[in-house]
Amino acid sequence: MTDKDFVVSGDGHLLEPTDLFRSRLPAHLRDRAVWEEDFEIEPLVEGGARIFRRLHTPGYEGWTISRYRQTGGRMPEGDPERILEDMDLDGIDVQVMHPNLSLFGLYSDDHELSMAHARAYNDYVAERFSPYFSRLVPTAPVPITDIDDAVAEIGRVAAAGFRAILLPATPPKPYYSRDFDAIWAAAQANGVHAFFHTQTGGVKVDDPASTTLRVVMESAAQVNQPMTEKSASKRMITQSIYGTIVPQQLMCELIGGGVPERYPDLHFALIEFNAHCWRR
C-alpha cells in the first residue's frame, strides 16, 4: 500500500510540428492543410512575449501567442522526455493528451480532408509516442462524417496501441442517432474510451462564421480587450451559461439515445467544458 494518490491529468495537449500536415497529407490536399508558422516581435510590454505562432486553416486565418510558450524558462515543443520530466515535477502519474491546433482540421464538413488530417496525426503520434504509452495516453481523433471510415480508423488506432479516441463535441448529426451504433460497437470491441473535447466539430471549411470558429475567434478577441464590468459579465455568462449547453446536450443525446445501455462497457469522458468540483 502507498499513501500517494494516483494522479491522472485528463487534458494535456500535444504540440504538433508546424509542418505536420503539409508534409504528410496526400499531395492533392496539402494546399488546404492546417499549418503553422513561428515568428518573433519586439515585446508589446516590458517582459512580454516575443514568440508567436500564426495559424492557417480552411475557414480561419489568424495569429495568437500559444499558451504553451512561456516568456521565461524552456519552451516545451512536444518532446515526450520533457513532458515526462514536467509530469514528474508536478506529481502526475499519467497524462491523457489531445491534439492542439490541428483540432481545426479534424472535424469539418469535408470528410476527405478531415480523415486525412486524422490519419496523418494518428500515424505521427504512434511513431513518436508509442514507447511512452504507459504514462502518456494520446487520444486518436476520429472524424465521424463517414461511419465505415470511422470504424476502420478505430480498429487501426487500437491496433497501434491507442487506448482512447477523440470524437467531436458537435457531431454532424445528433448522438442519439442509431447511425452511430457501428462506431460505439467498434469502440467497445476494441476497448478504447471515447473522449469529447470542447470546441471540436462544427467547422465548415468555406464558412469562417461557423459555430466552432466563431466561438474561438470571440474568445481570442476577449483576451485582448480591457477588463470592464461589461466584459467581466460577458465572460461569466459565456462560461457559465452558453458554455454549458454543448456538454449538456451531448450527455442528453447519449443517455436519451440509450447508448450507455446498449454498450455498457463503453466509457465516455467530456474534457475542458469548465466543470468544477468544490472541496470544503
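The values are calculated or read from the model by the stated rules, or taken from the named source; none is laboratory data. Everything numeric in this text was worked out from a predicted model, so none of it was measured. Every residue, glycine as well, gets a Cβ built from its backbone with ideal geometry; the counts of neighbours run over all protein chains shown. Remember, those area values only see protein heavy atoms, side chains included, never the ligands or the DNA or RNA. Shrake-Rupley method; radii C 1.70, N 1.55, O 1.52, S 1.80 Å.
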**Prompt:** Right, residue 130: open to solvent by 20 Å² or more (accessible area, probe 1.4 Å), in a loop (DSSP other than H, G, I, E, B) and either touching a Leu at 6+ places or on another chain (Cβ under 6 Å) or closer than 23 Å to residue 79 by Cα (or both) or not?
**Reply:** no
**Message:** Please verify whether residue 253 is at positive phi and either among the hydrophobic types (A, V, I, L, M, F, W, C) or surrounded by 11 or more Cβ atoms within 10 Å (Cβ to Cβ) (or both), treating the condition exactly as stated.
**Reply:** no
**Qualifying positions in the range 1-48 - touching a residue at least 12 places away in the same chain (Cβ under 8 Å) and of a type in the set (Asp, Glu)** = 11, 16, 19, 36, 37, 38, 40
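For every residue, the table says whether it meets (1) under 26 Å from residue 134 (Cβ atoms); (2) open to solvent by less than 20 Å² (accessible area, probe 1.4 Å).
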{"site": "166", "(1), (2)": "yes, yes"}
{"site": "169", "(1), (2)": "no, yes"}
{"site": "185", "(1), (2)": "no, no"}
{"site": "194", "(1), (2)": "yes, yes"}
{"site": "200", "(1), (2)": "no, yes"}
**Message:** If residue 119 meets every condition in (1) open to solvent by less than 30 Å² (accessible area, probe 1.4 Å); (2) without any contact (Cβ under 8 Å) to a residue 60 or more places away in the chain; (3) not aromatic (Phe, Trp, Tyr) apart from one, which number is that one?
**Reply:** (1)
**Request:** List every residue pair whose Cβ atoms sit under 7 Å apart, with the two residues 6 or more apart in sequence or on different chains, where the first one lies in the range 139-150 and is over 17 Å from residue 120 (Cβ atoms) and the second, anywhere, is among the aromatic types (Phe, Trp, Tyr) and in a loop (DSSP other than H, G, I, E, B).
**Result:** none
**Message:** On the basis of being open to solvent by 80 Å² or more (accessible area, probe 1.4 Å), outside any helix (DSSP H, G or I), modelled with pLDDT of 85 or more and not charged (D, E, K, R), does residue 264 make the cut?
**Reply:** yes
**Prompt:** Going by the conditions given, is residue 200 within 19 Å of residue 117 (Cα to Cα) and in contact with a strand residue (DSSP E or B) (Cβ under 6 Å, 6 or more places away or on another chain)?
**Reply:** yes
**Asked** Does residue 46 satisfy being farther than 30 Å from residue 87 by Cβ and out of contact with any strand residue (DSSP E or B) (no Cβ under 6 Å at 6 or more places or on another chain)?
**Response** yes
**Request:** For the range 157-193, enumerate the residues that are among the small types (Gly, Ala, Ser) and farther than 21 Å from residue 204 by Cβ.
**Result:** 158, 159, 160, 161, 164, 182, 185, 186, 187, 189, 191
**Asked** Looking at residue 74, is it open to solvent by 50 Å² or more (accessible area, probe 1.4 Å) and modelled with pLDDT of 90 or more?
**Response** no
**Request:** Would you confirm whether any residue within the range 100-107 is open to solvent by 10 Å² or more (accessible area, probe 1.4 Å) and more than 17 Å from the chain's Cα centre (by Cα)?
**Result:** no
